[in-house]
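The values are calculated or read from the model by the stated rules, or taken from the named source; none is laboratory data. In this text the structure is predicted, and so the values were computed from the model without any measurement. Note that each Cβ is placed from the backbone with ideal geometry, even for glycine, and that neighbours are counted across all protein chains shown. SASA here: full protein model, heavy atoms, side chains in, ligands and nucleic acids out. Shrake-Rupley method; radii C 1.70, N 1.55, O 1.52, S 1.80 Å.
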Amino acid sequence: MSRAAINEWIYLFNSAFDGNEQSVLKNLESVSSNEWAVLPEGGQRSILDIVAHIGMFKFMYPGAAFREREFDYADDPVHPPASRLATKESAVEWLKQAHAYLIDAFSELTDDTELDVLRAAHWGAMVPTRRLMATVLEHDTYHAGEINHARALLQKNDEWE
């Protein structure tokens, strides 16, 4: 049996996280320590908050789908101690652990027929594995853009070149 589609999904997960100029980690590179926990004017979330949210869901999606584990927003490792998020550097290390957890879970798929298998979503529904994978991919790309926009607002360079 083939794993070509699974391998492509894993490639896309890694690309959205750390593989291209629009990835989560690439967008974090230009965030200074002074901007890390600051709310942009009119905003409701800091970049720290966004990173915590991204990491939390990297544990929640595969935890529900593959590990038969129900997480809630207060669980560790889903909600790390404040010390793990205190600096951008420590948060990025935790975020990399969360991403590795997600990749390990999806890497357990044996062949592409498993993409149609119904799995538990953290919100309680049973959905095809490929839908979970699409949601995970969209989640990283959405929040990478959100980090970029928050950073641009904080650096006061939120205009087109």
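Couple of notes before you dig in:
- Test: residue in region 66-73 that is open to solvent by 30 Å² or more (accessible area, probe 1.4 Å), modelled with pLDDT of 95 or more, closer than 20 Å to L115 by Cβ and outside any loop (DSSP other than H, G, I, E, B): no
- For region 3-21, a residue qualifies if it is part of a loop (DSSP other than H, G, I, E, B) and modelled with pLDDT of 95 or more, and exactly one does: R3.
- Matching option when the condition is open to solvent by less than 40 Å² (accessible area, probe 1.4 Å), of a type outside the set (G, A, S), modelled with pLDDT of 95 or more and more than 18 Å from the chain's Cα centre (by Cα), among D116, D112: D112
- Residues satisfying the stated conditions in region 7-52, i.e. in contact (Cβ under 8 Å) with a residue 40 or more places away in the chain, open to solvent by 90 Å² or more (accessible area, probe 1.4 Å) and more than 23 Å from L137 (Cβ to Cβ): S33, E41
- Consider region 74-101 and keep the residues that are of a type in the set (S, T, Y) and modelled with pLDDT of 90 or more. The one that is least open to solvent (accessible area, probe 1.4 Å) is S90.
- Of all residues making up region 101-149, the number that are assigned to a helix (DSSP H, G or I), aliphatic (A, V, I, L, M) and farther than 27 Å from E35 by Cβ: 6
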